[in-house]
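Novice: Structure incoming, see below.
Since every read-out is calculated from the coordinates, none of them should be taken as a lab result. The shown structure was predicted, so the numbers you read here are calculated from the model rather than taken from an experiment. Neighbour counts are summed over all protein chains in view; Cβ atoms, including those assigned to glycine, are modelled from backbone coordinates with ideal geometry.
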Amino acid sequence: MIARRKIILYCTVAIILFLTSWALSEIWHDFRGEAFSGPAKQLDMPDEWKQQPVRYENWAENADLAVTLDQHLYPALLPLINKYARENNLKIAVNEGTCGISAGLLMRKAVDIAGFCCPPGGTDRYPDLTYHTLGIGSLAILVNPVNPVDDITFKQAQQIFQGKIHRWSELKTAGGRPGPDVPIISAARLHCKTRPGHWRLLLSDEDHFSARLRTVGSIQDVMFEVYNNDYAIAGFETLYMAHYRYLQGVKLKPLRIDGYSPDVQEYLVSGNYRIYHTYNLTAWTGESQKKKPVADLIDYLIRHADVIDASFGIVPSSSLRKAGWIFTGNELTGEPAIKHDGSS
Amino acid sequence: MTCFRKLPLTLKMTLITLLVGIVTWALLDPIHRKSMKRTFGEQLKDRLEQEAYENRMLFDGYVDRFMQSTKILISQRGLQDYVNSPAAKWESLPPGKDRTIYHNEPPAWLPKSSVIRTLPDVHYIFLLDKKHSLREVYMKYPETPPAELLDPVPLLIQMSHQQAFMTEINGKPYIMASESLRDDHGNSLSTLLLAAPLDNQFLLESQGVVSSNKLVALVSIEPAVILSSSHPETLTPGTELKALQGSYLYTGKGFFDYGSSDLRINFMTFLPVRPYDVLSESILKEEWVNRIITALMLILSFSALMFWITKRVQNLTGKVRDAEVKLKIEQPPVRKGDELEVLEQRFLALSEEVLSSHESIKEQARMLRQERDRAQNYLDTAASIFLVTDTDHNVILINKRGCEILGYREEELIGRGWFETILPADARENAKSDFQEFISNKTGSEIYLESPVRTRKGEQRTIGWHATLLKDEAGNIIGVLGSGEDVTDRRKAEEELLKAHKMLESRVKDRTSELEKANVILNAEINQRTQIEKALRKSEHQLEKAQAIAHIGNWEWDIQSNKVSWSNEVYRIYGYRPGEIEPDYEAVKKAMHPDSIKIFLESIDSALRGERPFEMEYNFFRRDGRTSILHTKGEVIRDSAGSPVKMFGVVQDITERKGMEDRIRASLKEKEVLLQEIHHRVKNNMTVISSLLKLQADKVTDEYYKELFNESTNRIKTMALIHEKLYRSEDLASIVFSDYLRDMMDNIMCSYEIRAHKVRLNKELDRITLALDTAIPCGLIVNELLSNSLKYAFPDSMSGEIRVTLRKNNDKVELTVGDNGVGLPPDLDFRNPRSLGLNIVNALVGQIRGNIELHREQGTEFLITFSSDNY
């Protein structure tokens, strides 16, 4: 009799402990990944590679400078670069690509400046290469305009993409009523997996995302997933891509996270909106590069970042510095210290 | 062209339709084909975009499967056991190319073939040790891996780690994915690297077996050359893109959004154009055939319809011809043409004829209506009865006058028997037989007869009828038209006339004898009138002479005709010879002084309005340059309504008279001044005399004599005052006597001041003007009587009242001087007084032929009455 009671007691305690640890694991584990990588660690490259000068490919033949930019920075910076070229009587070849193309061209030492929409990862820190942060831009979580849900918490966003929240009725609409009782279709483009930031700012690892997640390969596919499904949710793209690049005339609805909208720059600057791109430009520091106006161009672009068209949603690094973001040199390496109840 | 016109309508329309159809087809067909091709092209482009999207989705998914496959393989228990097993021998064997183990069959560290087949088409699976040195290679195909992969640079491993990485290896695009097997501490035990070229097979596999007919390719950006394709037999690698233009539609994306590819290549989808061209051509051809058949069917249907219409037209043309025949219209010559043209010509001719006939009929109907209305007016306004009856003597028509005479309304007579309704019973039979005889045409077509009628009121009257037979076009008698006149009164008058004629004849006889007597008297009267005319002419001559002497002429103005006539003297006054000009007052006005014209016109207007008579004087500039002063006067003659119709008057040359008046006026003025001066001097002289007497009186001590001097002084002052009044008066021959009396009595009162201060003088004086000859005596009379009252009426300082009145009483003047004093002595005979004063009074009353009375009832009152002729 007494033994049976002991067994029951022990089992009960075990269950309680299990549940508690599980709950605690849920509470303590934030799932939010690293925003930046440490700038100190560099790749180990052969000496021949280190001594190799920058050699342009055919697309930059006879240019004074060769610049490659990812598809976010290219439309935003091209006017400024052309203006700089006119004012300084330079021929600057600009290539539109991706972070991967930028990384590849850097590896082949085929460009003077490479532009990334992500913070550098471990495989991006080549020797004699410095990173200069132009600014940051919000990454929105998008839903179809017919979806009545406007606002979710950061925790709910994580749970949606983890697959722990299955139906829209588990969320509230603006009027306080539950959302429609339909399954949530989640989609995402999990790009730049070797780099920190971007989608990792919601969930640190791709394995944290639900097995039901529809992974798509291109930005356009992200938009179409939401456009074609009334109750889809997709991330993580800029509002420029959503409203101007792919779906002109169709306004997909960005959700507010903890009440903070991605199209209000103050929320991003203050650190209250927590998912964003980090726009960086690279420059070689070798002797041969010092003859070229690389640093001058980068300095020009950073100084004039505030005149970039507001539709691109780029918050210049100067604003970030004032708001307490952490810089190492010109590279953004840390977020401002902020409690996510709104106070700093 | 003429031959074409002659063709039958059906054939003509068919040929035209065919021609139009062919031309339209020739013009529109190329446009239609072009439009169809454009539509096909757009559909094709839409299809291409859709396929490109789907193909890339498939490619992205296939790429993603590489990474997934790596994760699946790394998690296999077999790999984990092998790495940890002694069979791996990695600890003891250093790495090296010659020590790398190559497998053509799935080794122990990989799943069986059946599992590997489910994975993407991985060409090589590399097993690396914890230091990333190559140990074993599985080659799915009998191909040696590229050298770079046999000695993979750590970077490659890192870049492909946990992601599918696409890069160029040995000049060819490759896909790689790697994953590490880790121990419990997270240390890498081994790394699995999957690799496959992005070759034709890869592209084919990426599109799935089901979609194996899809054409996708990897195309380099510069130059635009196909690197690999899903169907190399169709899209040969190495082919330039521009060579494929025209044969294919293609689209694609320049780079991959994975962030894990450094390849600058396009993933493009191709759609061959030719199959669609062939399809569109076959569709167009099919449609062309259908259109031909449809057109032929339409033409046949149209021809049948036209044939039917042509038949109807021919029928209609026949009917038009029949109508022409019936209407006896001359058939016009018809030009040769198709059925419609023939119909048109015939119909136009017919319609012209009908329209002209219609217009003619309308015009005739209008004229007929006019005639009818006119005839009706004639009938209604005619003073005679107009009656139409049929052969059975029923009334068909009767005019207004007839109804009035007979006293019936028209509707009461129309249709009824004339004889039964209108004739008296005793006259009917005769009338009917006469009527029958008449309409049998035995007595001729016209007849006059008189017959009695009885009016509605029962009055019998006699109507004289002029009757005429009415016949139709065939000459048959259809009725009788009668024009009747009420001869009842005329008959009576004829009888009366006969009687009167007889009477007249007897009177004529009597009268003839009287006329003979009257003739004699008349002759005498004529002689007398002749004498009078002579006298009248003489009188006119004398008048003219009198006018010439008096320079007065007479004029007459006929206002309505605006004609003016002057007597001969008027001509002379205006400076013309008699009859020299046509009398015209415009000429007269022109010769007037400008100041006189306005007055002249206003005077005329005023006279015409009846406000005042026309009379004025004006300066006139004669033709000979002299200026005359004319006086004209006129009277307006009005008609019964009071409107002015004539004006006649006289005009006189008063130039001489005006001159004389001026001279007389000047002379009178001189005399007035002289008279004034005389009165002034007389007055002054009398004042001097009065002053001398007063001076003398001052020297006299005896009161009696002083009183006498005072009395004389007052008398002289009284007369002097009159002369002073006359001097100051405008009328030097008379004065306002009442004003004079006031001044004079005041003077007397002043002269008797001691006695006068207790006596009140009461004056009631009418405003009377007296001539000098009367005023002086009256003044002296009042002076005497007033003085007497002052001296004697109030003794012992008695107070009292003296009254002096001057009144007009019809044509008499009554002067009263009285007082309420002690009165005259009872024995005083005032007509024979002993006092000088009363004697003077009596003498003066006699001088003015007046009468004096004395009343003693209350004091003393003298009443002097004299005639108003004196003033």
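Novice: Past 18 Å, Cα to Cα: identify those pairs from B:Lys717/B:Lys758; B:Lys538/B:Lys633; B:Lys112/B:Lys140; A:Lys41/A:Lys322; A:Lys50/A:Lys193, in the order given. Don't jump to the answer; show the numbers that get you there.
Specialist: Details: B:Lys717/B:Lys758 23 Å; B:Lys538/B:Lys633 26 Å; B:Lys112/B:Lys140 12 Å; A:Lys41/A:Lys322 27 Å; A:Lys50/A:Lys193 26 Å.
Violating the 18 Å Cα-Cα cut-off are B:Lys717/B:Lys758; B:Lys538/B:Lys633; A:Lys41/A:Lys322; A:Lys50/A:Lys193.
Novice: Moving on to the next point. How many lysine pairs in region B:306-381, separated by 8 or more positions in sequence or lying on different chains, have Cα atoms less than 19 Å apart?
Specialist: Working: B:Lys311/B:Lys319; B:Lys311/B:Lys336; B:Lys319/B:Lys328; B:Lys319/B:Lys336.
Final tally of qualifying lysine pairs is 4.
Novice: Here's something else I'd like to know. Looking only at region A:136-258, where both bridge partners belong to it, what percent of the DSSP beta bridges are antiparallel (to the nearest 5)?
Specialist: Details: 7 of 15 bridges.
Taking every DSSP beta bridge within region A:136-258, about 45 percent pair in antiparallel fashion.
Novice: Under the definition of Cα pairs under 8 Å and six or more residues apart, what whole-number percent is the relative contact order of chain B?
Specialist: Working: 1217 pairs, mean separation 44.3, N = 871.
It rounds to 5 percent for chain B.
Novice: Further question: Mind scanning A:Lys83/A:Lys109; A:Lys109/A:Lys292; B:Lys34/B:Lys242; A:Lys164/A:Lys251; A:Lys109/A:Lys291; A:Lys91/B:Lys242 and naming the pairs with a C-alpha gap bigger than 20 Å?
Specialist: Numbers: A:Lys83/A:Lys109 25 Å; A:Lys109/A:Lys292 15 Å; B:Lys34/B:Lys242 24 Å; A:Lys164/A:Lys251 28 Å; A:Lys109/A:Lys291 16 Å; A:Lys91/B:Lys242 28 Å.
Over 20 Å apart, Cα to Cα: A:Lys83/A:Lys109; B:Lys34/B:Lys242; A:Lys164/A:Lys251; A:Lys91/B:Lys242.
Novice: Binning at 20 angstrom from zero up to the longest distance, how are the C-alpha pair distances of the protein assembly as shown distributed in percent?
Specialist: Reading upward from the zero bin: 7, 16, 12, 8, 7, 9, 13, 16, 9, 3, 0.
Novice: In whole Å and largest first, what semi-axes does the C-alpha gyration tensor of region B:635-701 yield when each eigenvalue is scaled by 5 and square-rooted?
Specialist: Working: eigenvalues 768, 72, 3 Å².
Calculated on Cα positions only, the semi-axes equal 62, 19, 4 Å.
Novice: Place +1 on the Cβ of every Lys and Arg and -1 on the Cβ of every Asp and Glu in chain B, take the dipole about the Cα centre, and give the residue among B:Tyr248, B:Leu790, B:Phe419 whose Cα lies farthest towards its positive end.
Specialist: The listed residue farthest towards the positive side: B:Tyr248.
Novice: Lysine pairs, Cα distance under 17 Å, 8 or more residues apart or cross-chain: how many in region B:406-531? Display every interim value, and only then the final one.
Specialist: On the way: B:Lys432/B:Lys442; B:Lys442/B:Lys471; B:Lys492/B:Lys502; B:Lys499/B:Lys509; B:Lys509/B:Lys517.
Lysine pairs satisfying the spacing and distance rule in region B:406-531 number 5.
Novice: Let me ask another. May I have the convex hull volume per residue, in Å³, for the Cα set of region B:700-773? Show your work: numbers first, answer last.
Specialist: Numbers: hull volume 7.0 nm³, N = 74.
Expressed per residue, the convex hull around the Cα atoms of region B:700-773 is 95 Å³.
Novice: No solvent, one uniform scatterer per C-alpha: report log10 I(q)/I(0) for region B:733-870 via the Debye equation at q = 0.17 1/Å, two decimals.
Specialist: -0.89
Novice: Rank the residues B:Ser451, B:Ser228, B:Ser440, A:Ser169 as a footprinting-exposure proxy: fewest other Cβ atoms within 10 Å of their Cβ go first.
Specialist: Details: B:Ser451 20, B:Ser228 23, B:Ser440 11, A:Ser169 16.
The fewest-first ordering by Cβ neighbours comes to B:Ser440, A:Ser169, B:Ser451, B:Ser228.
Novice: Also, I was wondering about something else. Exposure proxy check: B:Ser506, B:Ser133 ranked by fewest other beta carbons within 10 Å? Spell out each step's value before the answer.
Specialist: Values: B:Ser506 9, B:Ser133 16.
Going from least to most buried by this count: B:Ser506, B:Ser133.
Novice: Expressed as an acute angle from 0 to 90° and rounded to the nearest 10, what is the orientation of the C-alpha long axis of helix A:73-88 relative to the principal long axis of chain A?
Specialist: 20 degrees
Novice: How tilted is helix B:339-381 with respect to the longest principal axis of chain B? Cα atoms for both, answer in degrees (0 to 90, nearest 10).
Specialist: Compared with the principal axis, the helix lies near 20 degrees.
Novice: Something else about it: If you scale each eigenvalue of the Cα gyration tensor by 5 and take the root, what three semi-axes come out for chain B, rounded to whole angstrom and sorted largest first?
Specialist: Values: eigenvalues 4873, 1298, 196 Å².
Sorted largest first and rounded, they come to 156, 81, 31 Å.
Novice: Per residue of A:91-97, what is the mean number of Cβ atoms on other protein chains within 10 angstrom of that residue's Cβ? Let's see the in-between values first.
Specialist: Values: counts 0, 0, 0, 0, 3, 3, 7.
Mean shielding by partner chains, rounded to a whole number: 2.
Novice: Give me the net charge for the shell around A:Lys172: Cβ to Cβ below 15 angstrom, other residues only, Lys and Arg +1, Asp and Glu -1. Please report the intermediate quantities before stating the final value.
Specialist: Working: positive: A:Lys155, A:Arg167, A:Arg177, A:Arg256; negative: A:Asp150, A:Asp151, A:Glu170, A:Asp181, A:Asp258.
In short, -1.
Novice: Convex hull over the Cα atoms of region A:40-199, averaged projected area in nm²?
Specialist: Values: hull surface 52.3 nm².
Quarter of the Cα hull surface area: 13.1 nm².
Novice: Can you tell me the orientation of helix B:772-788 relative to chain B, as the angle in degrees between its alpha-carbon axis and the longest Cα principal axis, to the nearest 10?
Specialist: 80 degrees
Novice: Now for a separate question. Under the definition of Cα pairs under 8 Å and six or more residues apart, what whole-number percent is the relative contact order of region B:44-275? Intermediate results must be reported in sequence, preceding the final value.
Specialist: Values: 417 pairs, mean separation 45.0, N = 232.
Rounded, it is 19 percent for region B:44-275.
Novice: Now for a separate question. Any idea what the relative contact order of region B:733-870 is, in percent, if you count C-alpha pairs under 8 Å spaced at least 6 apart? Mind dumping the intermediate values first?
Specialist: Numbers: 238 pairs, mean separation 34.0, N = 138.
It rounds to 25 percent for region B:733-870.
Novice: Let me ask something else about it. Along each of the three principal axes of the Cα atoms of region B:44-275, give the extent in whole Å, ordering the values from largest to smallest.
Specialist: Rounded to whole Å, the extents work out to 63, 31, 31 Å.
Novice: Kindly put B:Arg264, B:Arg622 in sequence by how many other C-beta atoms sit within 10 Å of each C-beta, fewest to most. Intermediate values should be presented prior to the final figure.
Specialist: Values: B:Arg264 21, B:Arg622 16.
Fewest-to-most ranking of B:Arg264, B:Arg622: B:Arg622, B:Arg264.
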